[in-house]
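Laboratory data are not the source of any read-out in this text; all were calculated from the coordinates shown. Computed from a predicted structure; not experimentally measured. Positions of Cβ are backbone-derived with ideal geometry, glycine not excepted, and every protein chain shown enters the neighbour counts.
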Amino acid sequence: MPSIVAIVAIVGVIAAGALLILPRLANLGWVAPESSVASGQPVEITIPQGSAGTEIASLLKQDHVIESATDFEAEVKRQMVETQLKPGKYSFVTGQDLKSVVETLAHGSNVEGVKLVIQEGLTVKETAAKVEETFGIARSDFLAQARASNYVGDYSFLANAYDDSLEGYLYPKTYSFTEKPTADQIIRALLDQFKAETADLDLDKGANGLDARQIVTMASLVERETAEDTERPKVASVIYNRLAKPMRLKIDAAIVYARGGGNQAVSSEDLGIESPYNLYKHDGLPPGPICSPSISSIRAALRPAKTDYLYYVLSSWGAKTHRFTSDDSEFAQFAQEYQDSRP
């Protein structure tokens with residue numbers, strides 16, 4: 001009996017203390033945490049540039065879009081998009097389906113913003129013009145920032161970039177920015193996309209006797225020589241076959257790059273340009289890319305078709321497809337038929 005009385009007394013003291021302490025905690029702003037957050041509540045989240053998967057999971061969990069960081073990371077691996085989660089602003093709801101959250105992050109910002117369209121085959125200078133047109137950032141400022149040395153610390157594929165240039169690495173795609181970006185933010189978005197697109201290609205190992213820069217360089221030639229995805233492996237095979245002969249590549253797109261662009265046909269005067277990009281005068285590949293290639297052109301450079309083709313000629317004036325051959329006389333015939341089709 002005395003023991004029971006003592007226990008009752010102690011419980012009474014604890015209860016009384018709690019009555020005194022809890023109001024004081026409430027006065028200090030402390031409240032007991034809620035057990036759950038209602039599902040379906042709209043949430044806007046900004047994923048900072050360069051965020052790792054664990055950081056993204058933490059942000060999502062903090063705002064109750066997801067409830068388990070472990071489950072999120074497992075879903076990212078299941079969808080095989082570990083390197084494709086993109087920075088930007090997102091609109092989610094609390095308790096959202098995990099699969100759709102990951103799909104959205106892999107696709108990119110779903111909050112409407114200003115779109116920057118970088119087409120396949122643009123040069124760095126042409127990209128700078130697009131940026132100026134879209135955001136008002138002076139071309140000269142963009143070009144001053146677009147140096148490989150400014151980014152090589154974060155993007156190892158730039159370690160061997162030619163002439164400190166980002167030529168070939170500003171990936172062509174439609175980008176959305178919810179706020180006016182800086183030149184640096186735009187460049188990083190384009191480099192991030194190049195990294196994501198080529199993540200499974202092992203570019204740093206090269207292929208077919210070429211190093212990574214040469215692969216991107218070849219891909220840029222392929223990009224400018226045909227707009228047809230189905231033809232790109234065949235165009236790449238022609239380049240490889242001519243390199244093996246050896247034969248000069250004599251690619252007009254490289255001459256256009258050497259002269260600084262323009263849509264006019266290559267002239268006899270252009271053929272005399274003294275530049276390592278003049279592939280009529282110099283053997284082998286040019287020293288660096290001539291534009292930003294699409295992933296299909298990069299894949300073609302890595303895995304060319306197996307052919308003995310040495311030439312290709314447009315099927316006719318205004319056509320997008322080419323005729324391929326390894327025969328000199330047939331090439332001459334194709335070239336003449338093309339000339340005859342011109343208006």
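Quick query: amide H of SER176 versus all other amide H atoms, modeled in the peptide plane; which residues come in under 5 Å with a sequence gap of 5 or more or a different chain?
LEU116
Against the longest principal axis of the chain, how steep is helix 328-341, in degrees 0 to 90 to the nearest 10, with axes from Cα atoms?
For 328-341 against the chain, the angle is about 80 degrees.
Before rounding to the nearest 500, sum -39500 (n - 2.57) across all DSSP H runs of length at least 4 in the chain and divide by the residue total; then give [θ] at 222 nm in deg cm²/dmol.
Calculated at 222 nm, the ellipticity per residue is -13500 deg cm²/dmol.
Pull up all non-local amide H partners of GLY88: gap of 5 or more, or a different chain, and H-to-H distance under 5 Å with H placed in the peptide plane.
Distant-sequence amide H within range of GLY88: ILE47.
Convert each backbone phi in the stretch 129-141 into a coupling constant with the Karplus relation 6.51 cos²θ - 1.76 cosθ + 1.60 (shift: θ = phi - 60°), then list the ³J(HN,Hα) values in order as whole Hz, x for Gly and Pro.
5, 5, 5, 4, 5, 7, 10, x, 7, 4, 3, 4, 5
Under a Cβ-Cβ cut-off of 15 Å, what is the net charge of the residues other than SER341 that fall near it, where Lys and Arg count +1 and Asp and Glu count -1?
Result for the local shell: +1.
Explain nothing, just the number: relative contact order of the chain, from Cα pairs under 8 Å at least 6 residues apart, as a whole percent.
Relative contact order of the chain: 14 percent.
In whole angstrom, and with the biggest value first, how far do the Cα coordinates of the stretch 59-159 range along each principal axis?
For the stretch 59-159, the Cα spread along each principal axis is 47, 32, 25 Å.
Quick one: what are the phi-derived ³J(HN,Hα) couplings along the stretch 284-291, Karplus 6.51/-1.76/1.60 with θ = phi - 60°, whole Hz, x for glycine and proline?
Once rounded to whole Hz, the list reads x, 6, x, x, x, x, 10, 5.
Per the Kirkwood definition applied to all pairs of different Cα atoms, how many angstroms is the hydrodynamic radius of the chain?
Kirkwood hydrodynamic radius for the chain: 24.0 Å.
For the stretch 114-197, what D do you get in µm² per second when you plug the Kirkwood radius from alpha-carbon pairs into Stokes-Einstein at 4 °C and 1.567 mPa s?
Approximately 102 µm²/s, per Stokes-Einstein.
To one decimal place, what orientation-averaged projected area in nm² is obtained for the convex hull of the Cα set of the stretch 91-244?
Averaging across all directions leaves 11.1 nm² for the Cα convex hull.
If I stretch the segment between ASN160 and VAL111 completely, what's the gain in nm (0.36 nm per residue apart, minus their alpha carbon distance), one decimal?
Extending this stretch completely gives an extra 14.0 nm.
Computed from the mean reciprocal separation of all distinct C-alpha pairs, what Kirkwood hydrodynamic radius does the stretch 240-343 have, in Å?
One decimal place: 15.2 Å for the Kirkwood radius.
Order by neighbour count: ASP192, ASP63, fewest other Cβ atoms within 10 Å first, most last.
ASP63, ASP192
Let me check against my output: what whole-number percent is the relative contact order of the stretch 203-305, with C-alpha pairs under 8 Å and at least 6 apart?
43 percent.
Out of LEU221, LEU203, LEU122, any idea which swings most in a Gaussian network model of the chain, alpha carbons joined below 10 Å?
LEU203
What ranking of THR198, THR127 emerges when the number of other C-beta atoms within 10 Å of each C-beta is taken as an exposure proxy, fewest first?
THR198, THR127
Expressed as a whole number of Å, what is the distance separating the alpha-carbon centroids of the stretch 284-301 and the stretch 31-92?
When both Cα centres are located, 36 Å separates them.
Sequence neighbours fewer than 8 away in the same chain don't count; with that in mind, list the lysines whose C-alpha is under 17 Å from LYS281.
The reachable lysines, counting only those whose Cα sits under 17 Å from LYS281, are LYS245, LYS250.
Where Lys and Arg each count +1 and Asp and Glu each count -1, what net charge lies around LYS281 among other residues with Cβ under 12 Å from its Cβ?
Residues near LYS281 contribute -1 overall.
So for SER297, SER176, SER237, SER268, fewest C-beta neighbours within 10 Å to most, what's the order?
SER268, SER176, SER237, SER297
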